[in-house]
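To start, the structure under review is shown below, and the notes come after it.
The values are calculated or read from the model by the stated rules, or taken from the named source; none is laboratory data. Being a predicted model, the structure only gives us computed values, none of them experimental. Cβ coordinates were reconstructed from backbone atoms using ideal geometry, including for glycine residues, and neighbour counts include every protein chain displayed.
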Amino acid sequence: MQIAERDRAYIRGNFTTLKSPAVGGVPAQRLPEVIETVSVMLGDIERNGIDAVVRYSRQLDAWSGQSLEVSPEDLAKTGDSLSAELREALMASAERTRLFAVEQREHLTDFETELLPGVFTGQKYVPVARVGAYLPAGRFPILASAFMTVGVAKAAGVPSVVACTPPTGPGGHPAVLYAAYLAGVDRAFTVGGVQAMAAMAFGLLGEQPADILVGAGNAYVTEAKRQLFGRVGIDLLAGPSEVAVIADETADAELVAADLLGQAEHGPQSPASLVTTSQEFGEEVMRHISKQLRTLDTRDIAGPAWRDYGTVYVAEDRATAVQIMDLLAPEHLEIQTSDDSYYHANLHNYGSIFLGPWSTVAYSDKGTSGTNHVLPTGGGARSSAGLSVSRFLKPLTFQRVEKAATPRLANYVATISGFEGMEAHKATATLRLDRFNR
């Protein structure tokens, strides 16, 4: 997430670079060895079915259980080992994410209109039948992922949602499974990685194949989604988590530094970028980052991420700051300025925006503010939005033509089809014209 030399031509204003990333290169999920490994695994699982899934689970995840599925009874008990404080926080986040998704669903409305006299057209939203959700549980088990995937799918009206999460010993991570339970998952399985994506896509878990695969994962999971796309739908191809901040001299440098490190903590390849209209402020933020890293427990992750992928740009004015940020098209974008409304009105490319100093990405990450944290990365926000209730709904169009409207349609279709040489198309119209004229 940086301004490349070729991008400078698209920025009309002047800017300087206070900090450049130390490294670049191919994203992890596009490395040749990742692509080849995933291809081999998917082929093996498609040929050998659940036996291959179990074999990979034992080999790669040290799974040692008797059943990949977590029974409904065991799933309901997963919260018993968690603190009351954590259970309360997860229940609140699950409910707020559900409420936001329900609100989104209510604003996606069916309609019918009489486009021409006697020509009725419209659209209705129909949920997909089956969703497969991947719930990561690595060094950082992202507990709210279940709310963003399983919970939002259920709010959309999806009748069957299956979730897979990597095993931790014979079973899955209790807090991840409890989050899935709160989100309303129909069936949960302790299987991770490529084998989980393949099992859901190929229908190897006692269910029909998933219609859509959703949820973040490592480079291998992301590549599996890419290779399975077309056979199933996917949410998006998310790479390392990203954060960007637009801030001016009125912002709190300590807060901005903390927010940049808050996302850099996701992984050593997670980019963080500051665009500011004040060089002095940019330098102050960099000093605070260095200071905070000295005592941060996750400095072994956030430190390399900031060193290798962090950037700071100083724009001559706010219009230039907008141009820079729209080119970066970050996953998460925070605005901390004296005129946040200006930026909100003029920015177009971001996954989700956080306005004002009292907003922070972590509120969405953990589900407490309700918006979805499954968002486009790697510049994907230039063309697409993040996961929402609409991804699980198909906007299906319909039309109903009355006899009297036949000439308004059929004559044009006959003319166009005749020019194209598509005689069968032409006949579908002219036959109706004949019957109309009788």
Inspect the stretch 345-355 for any residue being in a helix (DSSP H, G or I), over 22 Å from M148 (Cβ atoms), out of contact with any Gly (no Cβ under 8 Å at 6 or more places or on another chain) and at pLDDT 95 or above and give the result as yes or no.
yes
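Yes/no matrix, rows are residues, columns are (1) assigned by TED's automatic domain parsing to the domain that holds A362; (2) farther than 28 Å from D61 by Cβ; (3) buried (at least 22 other Cβ atoms within 10 Å of the Cβ):
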{"residue": "S83", "(1), (2), (3)": "no, no, no"}
{"residue": "H107", "(1), (2), (3)": "no, yes, no"}
{"residue": "G118", "(1), (2), (3)": "no, yes, no"}
{"residue": "T121", "(1), (2), (3)": "no, yes, no"}
{"residue": "R139", "(1), (2), (3)": "no, no, no"}
{"residue": "I142", "(1), (2), (3)": "no, no, no"}
{"residue": "G151", "(1), (2), (3)": "no, no, yes"}
The residue that is nearest to A183 (Cα to Cα), considering only those in the stretch 329-374 that are in contact (Cβ under 8 Å) with a residue 24 or more places away in the chain and aliphatic (A, V, I, L, M), is V374
Single residue of S364, S369 found to be assigned to a loop (DSSP other than H, G, I, E, B) and under 30 Å from Q323 (Cα atoms):
S369
Checked the stretch 277-297 for anything small (G, A, S) and without any contact (Cβ under 8 Å) to a residue 60 or more places away in the chain; matches are S278, S290
Give me the residue from the stretch 278-294 that is of a type in the set (G, A, S) and part of a helix (DSSP H, G or I) and, out of that set, farthest from E249 (Cα to Cα).
S290
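Let's see how each residue does on (1) part of a helix (DSSP H, G or I); (2) farther than 30 Å from A92 by Cβ; (3) touching a Pro at 6+ places or on another chain (Cβ under 8 Å):
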residue	(1), (2), (3)
P357	no, no, no
L387	no, no, no
T397	no, yes, no
A414	yes, yes, no
K426	yes, yes, no
F436	yes, yes, yes
Of all residues in the stretch 122-142, which are over 15 Å from the mean Cα position of the chain (by Cα) and closer than 21 Å to T168 by Cβ?
A137, G138, R139, F140, P141
Taking the conditions exactly as written (out of contact with any helix residue (DSSP H, G or I) (no Cβ under 7 Å at 6 or more places or on another chain), under 23 Å from A129 (Cβ atoms) and either buried (at least 17 other Cβ atoms within 10 Å of the Cβ) or not assigned by TED's automatic domain parsing to the domain that holds K154 (or both)), does R408 satisfy them or not?
no
Please enumerate the residues belonging to the stretch 93-130 that are part of a strand (DSSP E or B), farther than 30 Å from A410 by Cβ and charged (D, E, K, R).
R130
Looking at (1) surrounded by 20 or more Cβ atoms within 10 Å (Cβ to Cβ); (2) within 19 Å of L328 (Cα to Cα); (3) within 20 Å of the chain's Cα centre (by Cα), which is the one condition that is false for L237?
(1)
Counting only residues that are surrounded by fewer than 11 Cβ atoms within 10 Å (Cβ to Cβ) and β-branched (V, I, T), the stretch 1-20 contains a total of 0
Scan T406, T377 and give me the residue that is in contact (Cβ under 8 Å) with a residue 24 or more places away in the chain and part of a loop (DSSP other than H, G, I, E, B).
T377
Exactly one of S338, S383 is of a type outside the set (A, V, I, L, M, F, W, C) and either in contact with a helix residue (DSSP H, G or I) (Cβ under 7 Å, 6 or more places away or on another chain) or at pLDDT 95 or above (or both), and that residue is S338
Counting only helices (runs of 4 or more DSSP H) wholly inside the stretch 131-247, the ones holding at least 1 residues that are among the aliphatic types (A, V, I, L, M) and under 28 Å from L327 (Cα atoms) are 219-228
L90 passes all but one of the listed conditions (1) surrounded by fewer than 16 Cβ atoms within 10 Å (Cβ to Cβ); (2) of a type outside the set (G, A, S); (3) in a helix (DSSP H, G or I); the exception is number (1)
Just to be sure, is A424 outside the structural domain of L108 (by TED's automatic domain parsing), loosely packed, with under 12 Cβ neighbours inside 10 Å and at pLDDT 95 or above?
yes
Those residues of the stretch 177-228 which are crowded, with 24+ Cβ neighbours inside 10 Å and free of Cβ contacts under 8 Å to residues at least 60 places away in the same chain, in sequence order
K225
